[in-house]
Amino acid sequence: MKDMINSVFLICLMGFLFYQTTLIDAESRSGLDALLLPRMTIGIVALLSIILFIQSLIKLRQEEKIKANFSLAKWIKQNKEVFIVFISFGVYVLLLNQIGFIFATILLLFFLTGFIIKPGRNKKRWLMFSIYNVSFTLFIYYTFTVILKVILPK
Amino acid sequence: MEGILLGVEAILNFKTLFILFIGVFFGVIIGAIPGFTIAMGVVLALPFSYGMDPINGIALLIGVQVGGNSGGLITACLLGIPGTPSAVATTFDGYPMSRNGEPGRALALGLWASFIGTIISGIILIILAPMLAKWALAFGPWEHFALMVFGLCAVATLNEGPLVKGLLSVTLGILISFIGIDPLLGIERFTYGFRELKAGLHFLPVLIGIFAFSQLLGDLNRDSLKPSIRNLTYPRLKLLKDLMTSKINLIRSALIGVFVGILPGAGGSIANILSYDQAKRFSKRPDKYGTGIKEGIIASETANNSSQGGALIPMMAFGIPGDATIAMLMGALMIHGIQPGPLFIDNSPALANGIYIAFLFSAVFMLLIQSRGIPLFLLISRISAKHLTPTILVFCAIGSFSVNNRLFDVWVLFIFGIIGYWMTKSNIPLAPFILGVILGPITEKNFQMSLSSDPNLLLFLTRPISGGLILLSVVLFIYPLIKKMLNKRRELST
């Protein structure tokens, strides 16, 4: 079922990308075509997606059952942790330019500590993680910006 | 010889050796924690390499890679859980040997097999890479194009999943590489008005997102281990006898590892299983495999470490990374303005030979560190991988930002982390994708250069080397299909 959904998605995406190539002005004096390889690749991906679709259809028929019990809510619940980590990282990237590396990183580490590691109400563990989060961030900032002279977001 | 002496001179100073030592130590730690891949370890070390001299940066990454590949044997032998995918076959005999009351023997065999495998592959690397680089210098754009096509076909067909998904992965990666300005004609493609996309996507944030970021999220529910520390010693004379009576196995496994490592996309994870399988086939007592015999451990550990030397060969000679971690090594070189490829060894002999020497020294450090530090690494393996997830996410962000000092690359990391997670959940292999992203621009550039020299497409087939490589690519592509058809016929006839 997953393969079927993915192949349909890819076929639609390739159709969209192919349409995008028609909007590009690729004329050149040398006679070479800047869109030749992209179009060939789009075609190959589309063809492979069709093959994948057919294979998954055959597999579904052989198994003689269609898994129609897919529930979006259930799927989201099963992958809840992953979504939250992705979203928190997205917020972190947004904040990097606004409040700088040190504060954004400390916030991210605190949030993920609470969410992934789950110290709960254990004050000792929270204190330990707090010390780690702050000192790690400052250590990394110092190491990269002062010792290694690598620029970090300010 | 002169080149080797330059390499020795580049490495033999306290700072570089110390950095190499730290890299190996860190790599062993990463390898010992199940749930962490070597790629993640290299991602963590990558940002540190940006601010160092090229030789020190590369030494750090090589150390992490060699240490990581070897570190996986600790939990493989003592807990039956491979620390890294390249230690899967080590569990087949390493864990039973430990359960039979010989954990020290299992670890000692694995460690020395790793060391010998690394040294053998290092020697082959030193001999073969310059020869192949000289050969590659005679290539025209047709040959370079055909070589890239061969590399892409190899990575798509040699992965463990279905062929169609391997091909999908590599072509999607190539498609991503088309974003930006065309290399020869200067035409913008798929930039959608974003100024940052004009230069295309740098492959490092893509690589970090696809490999490290997505895999981190896949391991969020992994539990920590509770290993116990037991007597882990084993007499040296007995160890020497064990190794001497397995000479052929050692050499065969090392050669298998080198060969597998040379093939793009096929790394330690395939080498250890293939070598184990071959050792069993050639053995006089194949029924003993899986019960805790030394040959199984030796085959697996020799091959997975020798595959690293093999993976360095195409990078040094052709500029094609043998696997994802070598791709990161390449990225680190490119950030320092050094382009790996046929001219690399001639243009930067000290650095190129320094890489060989660093590789050999890392084997020595790995032996020293693991022989003394196994109780410590066992303690460290208790750390749950998910406890380090927040820290590694921060390193992923730093590693991506520092490539071009822009936040855009961190967004690239984020988006490709999502794409990588989707690919993992859909059983679409990741290595072909990343090789498609890396090799796509070079492939297209050589294709266009060939056509601008002579628009006759038949030259790709009529030029001997180019034609040979394309034929090999077709064989690689057709062979799994034919094998599948023959297997089906056999099943139907029985």
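Interface burial in the range A:85-128, defined as at least 40 Å² less accessible area with all protein chains than with the chain alone at a 1.4 Å probe, covers A:Val85, A:Phe86, A:Phe89, A:Val93, A:Ile116, A:Ile117.
Using only the Cα atoms of the range B:1-80, build the gyration tensor, take square roots of its eigenvalues as a ≥ b ≥ c, and label the shape rounded, prolate or oblate: rounded if a/c is under 1.5, else prolate if a/b is larger than b/c, else oblate.
Working: a/c = 2.96, a/b = 1.87, b/c = 1.58.
Prolate shape, in that a/c is at least 1.5 and a/b is the bigger ratio.
For the set A:Cys12, B:Cys153, the ranking by accessible area, highest first and with no ligand, DNA or RNA atoms included, is A:Cys12, B:Cys153 under a 1.4 Å probe.
At a 1.4 Å probe radius, which order do B:Arg285, B:Arg195 fall into by accessible area, largest first?
Details: B:Arg285 100, B:Arg195 185 Å².
From most accessible down to least: B:Arg195, B:Arg285.
Quick check for me: using +1 on Lys/Arg Cβ and -1 on Asp/Glu Cβ, what's the dipole size of the range B:438-494 about its Cα centre, in debye to the nearest 20? Before the final figure, lay out the partial values.
Working: 7 positive and 3 negative charges, 85 e Å.
The calculation lands at about 420 debye.
Shielding by partners for B:48-58, please: the mean number of other protein chain Cβ atoms within 10 Å of each residue's Cβ.
Numbers: counts 6, 2, 5, 8, 3, 0, 0, 0, 0, 1, 0.
Per-residue shielding by partner chains comes out at 2.
Name the residue farthest towards the positive end of the dipole of chain B from the options B:Ala87, B:Leu481, B:Leu329, assuming +1 on Cβ of Lys and Arg, -1 on Cβ of Asp and Glu, about the Cα centre. Selected residue: B:Ala87. Accessible surface ranking for B:Val28, B:Val88, 1.4 angstrom probe, highest first: B:Val88, B:Val28. Return the whole-Å distance between the Cα centroid of the range B:108-164 and the Cα centroid of the range B:398-445. About 22 Å separates the Cα centre of the range B:108-164 from the one of the range B:398-445. With the convex hull of its Cα atoms as the shape, chain A has an orientation-averaged projected area of 16.6 nm². In the protein assembly as shown, the calculated helix contribution to ellipticity at 222 nm averages -24500 deg cm²/dmol per residue, counting -39,500 (n - 2.57) for every DSSP H run with n ≥ 4. The GluC sites (Glu not before Pro) found in the range B:152-197 that occupy coil by DSSP, while having at most 14 further C-beta atoms within 10 Å, are B:Glu160. The angle separating the long axis of helix A:123-142 from the principal Cα axis of greatest extent in chain A is about 70 degrees. Using the Cβ-Cβ distance between A:Ile51 and A:Phe83 with R0 = 25 Å, the FRET efficiency computed as 1/(1 + (r/R0)^6) comes to roughly 0.20. The gain in end-to-end length when the B:Leu486 to B:Asp53 segment is fully stretched comes to 150.5 nm, 0.36 nm per residue minus the alpha carbon separation. Considering only B:Gly122, B:Gly319, B:Ile338, the residue lying farthest towards the positive end of the dipole of the protein assembly as shown is B:Gly122, judged by Cα position with unit charges set on Cβ. The modelled label-to-label distance for the pair A:Ile102/B:Asn404, using points 7 Å beyond Cα in the direction of Cβ, is 2.9 nm. Against chain A, whose longest principal axis is taken from its Cα atoms, helix A:2-22 shows a tilt of about 80°.
Out of the trypsin sites (Lys or Arg not before Pro) in the range A:100-129, which ones are loop residues according to DSSP with at most 11 other C-beta atoms within 10 Å? Those that pass, being in a loop and sparsely packed, are A:Arg121.
Here the label points at B:Ser426 and A:Leu60, each 7 Å from Cα along the C-beta direction, are separated by 1.5 nm in the simple model. Label-to-label distance, B:Leu12 versus B:Met334, with points set 7 angstrom from Cα along the beta-carbon direction: 3.4 nm. Judged by the ratio a/c of the largest to the smallest principal axis of the C-alpha gyration tensor, the protein assembly as shown counts as rounded, that ratio being less than 1.5. Could you calculate the FRET efficiency of B:Leu376 with A:Tyr141 from 1/(1 + (r/R0)^6), where r is the beta carbon distance between them and R0 is 35 Å, rounded to 0.05? For R0 = 35 Å, the calculated efficiency reads 0.80. List, in the order given, every pair from B:Lys247/B:Lys483; B:Lys241/B:Lys294; B:Lys241/B:Lys284 whose Cα-Cα distance in the structure shown is over 21 Å. Going by Cα-Cα distance, B:Lys247/B:Lys483 fall outside the 21 Å limit. Using a probe radius of 1.4 angstrom, the carbon and sulfur fraction of the accessible surface of the protein assembly as shown is 67%. Note on B:Trp112: accessible area is roughly 90 Å² with a 1.4 Å probe, heavy atoms of protein only. Dipole check for the range B:389-494: with +1 at the C-beta of Lys and Arg, -1 at the C-beta of Asp and Glu, and the Cα centre as origin, the magnitude is about 500 Debye. For the residues of B:391-398, the average number of beta carbons from a partner chain within 10 Å of their own beta carbon is 6.
When you have a sec, figure out the Kirkwood radius of the range B:278-337 from all distinct Cα pair distances and drop it here in Å to one decimal? Walk me through the numbers before you get to the answer.
On the way: mean 1/r = 0.0732 Å⁻¹.
After inverting the mean inverse Cα-Cα distance, the result is 13.7 Å.
Any idea what angle helix B:349-380 forms with the longest principal axis of chain B, computed on alpha-carbon atoms, 0 to 90 degrees, nearest 10? Tilt relative to chain B: about 40 degrees. For the protein assembly as shown, the solvent-accessible area works out to 44 Å² per residue, with a probe of 1.4 Å and every protein chain left in place. Counting Cβ atoms of other protein chains within 10 Å of each residue's Cβ and taking the mean over peptide A:37-45 gives 6. Rounded to the nearest 100, the interface formed by chains A and B buries 5000 square angstrom of accessible surface, both chains summed, with a 1.4 Å probe. Highest mean first, the peptides B:454-461, A:140-147 sorted by other C-beta atoms within 10 Å per residue fall in the order A:140-147, B:454-461. Taking the charge dipole of the protein assembly as shown about its Cα centre, with +1 at Lys and Arg Cβ atoms and -1 at Asp and Glu Cβ atoms, the residue from B:Gly354, B:Gly72, B:Gly290 reaching farthest to the positive side is B:Gly290.
Fully extending the segment from B:Met1 to B:Ile127, taken as 0.36 nm per residue of separation minus the present Cα-Cα distance, adds 44.3 nm. For chain A, a crude dipole built from +1 on the beta carbon of Lys and Arg and -1 on the beta carbon of Asp and Glu, taken about the Cα centre, is about 1020 debye to the nearest 20. Across chain B, Cα pairs under 8 Å and at least six residues apart give a relative contact order of 29 percent.
The values are calculated or read from the model by the stated rules, or taken from the named source; none is laboratory data. Just so it is clear, the model here is predicted, and its values are computed rather than measured. In this analysis, Cβ positions are derived from the backbone assuming ideal geometry, glycine residues included, and neighbour counts consider all displayed protein chains. The area values use the complete protein model at the heavy-atom level, side chains included, leaving out ligands, DNA and RNA. Shrake-Rupley method; radii C 1.70, N 1.55, O 1.52, S 1.80 Å.
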